[in-house]
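See below for the structure under consideration.
A short reminder: the numbers here are calculations on the coordinates, not readings from a lab. Just so it is clear, the structure is predicted and the values come from calculations on it, not from any experiment. Reconstructed Cβ throughout: ideal geometry from the backbone, glycine too, with neighbour counts over all protein chains shown.
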């Protein structure tokens, strides 16, 4: 390609505890050296999971390197061209640039303050237009352009909501039911938390991966590995990512941001910070934000006071409306807090069990197995695999957390017949 050059000639090897040696050179080394990527050293991969699983202190940077390694392995298996491989590798390396402090913890406030999710913010940083920063940064797009890669094409690959990004199987390698991102984080999170559920058979998955008619499929002998992957992912959500104590801590951190004076406008620059910088800012803010942050740092976590395991009909719809109306959710939290003698922010609602499942980027019905030269889709339709793929991430549809001293009063408040509460 005219004007294209390999960025630098130095090669470096990083030893990764999950994948072994990971080689970086040229473009990948330059991307790793950008401030946007180096910031990921300060972002914990699993949010506040370390408060329950003390080993879970690994970072988004480690995960990004691992995703890069898996993506390159996948590219070789499906026979991508050199240009497609470089584009996929860049996308894998940069796919998490948009995560805020403590990873997914602040996804809700980010959407409210910036109008984008973390994938949209990753896209912006790849294009050099960061809405969370004080000014546009050209570091990442400059590196990509010098390597002959169009920033917009890489951004389209990273952003699951982008309309473009052909060929389809190239996008599926980063945004599919079994993709490079998940192959890395399930193994990595299982390793650092000590939970065995995420120990998927990645070797078998990679060995049986292939491209058929613009689709990522697996050879028939890889079926057990794909099934194990599905089971492992579901169990990691239930055991680690949505552990009730982890969710309590994440709810407190979210509330600390939402209770900042002037939120949401006052929070716009928080999503460019690291974990430590965010805690310093919140503690210095005073008021409810400082109190919640001090409680997090001292591990004085809120307790589960009540929960709804299942909701149906109009009651479920009333609760689901709060997913898209965070101001109303906060108003309800504070109304309950006042009625049990607490202050604003002393009662928090976790609606994670109501989050919609089965979006196009998570559709197991598209996972194919090649059997005797024909592609079959064993995970389509009803049945146990479909139920497992679409099960809610949390066992409780709605969980109510409260300060320890307000727990019993909050439980009593909900024990009365509230007729749907919201």
Length gained when the stretch residue 214-residue 265 is fully extended (0.36 nm per residue, less Cα-Cα span): 14.0 nm
Relative contact order of the stretch 301-411, defined on C-alpha pairs under 8 angstrom at six or more residues apart (%): 45 percent
Beta bridges by DSSP in the chain, antiparallel share as percent, to the nearest 5: 90 percent
Residue 415-residue 297 FRET efficiency (beta carbon distance; Förster radius 22 Å; 0.05 resolution): 0.10
Cα-projected label distance for residue 33 with residue 405, points at 7 Å along beta-carbon direction, nm: 5.5 nm
Simple spin-label estimate for residue 207 and residue 363 in nanometres, 7 Å along Cα-Cβ: 3.1 nm
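Just to verify a number: FRET efficiency for residue 339 and residue 284, C-beta to C-beta distance, R0 = 41 Å, to 0.05?
Numbers: r = 31 Å, r/R0 = 0.76.
That pair, residue 339 with residue 284, gives E of 0.85.
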Burial ordering of 69, 385, fewest other beta-carbon atoms within 10 Å first: 385, 69
Cα→Cβ-extended label distance, 7 Å offset, between residue 142 and residue 112, nm: 3.7 nm
Degrees between helix 275-284 axis and first principal axis of the chain (Cα, 0 to 90, nearest 10): 30 degrees
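Between residue 375 and residue 388, 0.36 nm times their residue separation minus their Cα-Cα distance comes to what? Walk me through the numbers before you get to the answer.
Details: separation 13, 0.36 × 13 = 4.68 nm, distance 2.19 nm.
Result: 2.5 nm gained on full extension.
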Angle in degrees between helix 82-94 and the longest Cα principal axis of the chain, rounded to the nearest 10: 20 degrees
Burial ordering of 347, 116, fewest other beta-carbon atoms within 10 Å first: 116, 347
Between 0 and 90°, nearest 10: helix 326-339 axis offset from the chain longest Cα axis: 30 degrees
The stretch 1-134, relative contact order [Cα under 8 Å, separation at least 6], %: 19 percent
Anisotropy class of the stretch 2-151 from Cα gyration tensor, a/c 1.5 cut: oblate
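So how do 130, 213 line up by other beta-carbon neighbours within 10 Å, fewest first?
Details: 130 21, 213 9.
Result, fewest neighbours first: 213, 130.
Under 8 Å for C-alpha pairs, at least 6 residues apart: give me the relative contact order for the stretch 11-241, rounded to a whole percent.
Here the relative contact order equals 19 percent.
So what is the 222 nm mean residue ellipticity for the chain from helices alone, if each DSSP H run of at least 4 adds -39500 (n - 2.57) and you divide by all residues, rounding to the nearest 500 deg cm²/dmol? Walk me through the numbers before you get to the answer.
Numbers: 19 runs with 191 residues, N = 422.
The helix contribution divided over the chain gives -13500 deg cm²/dmol.
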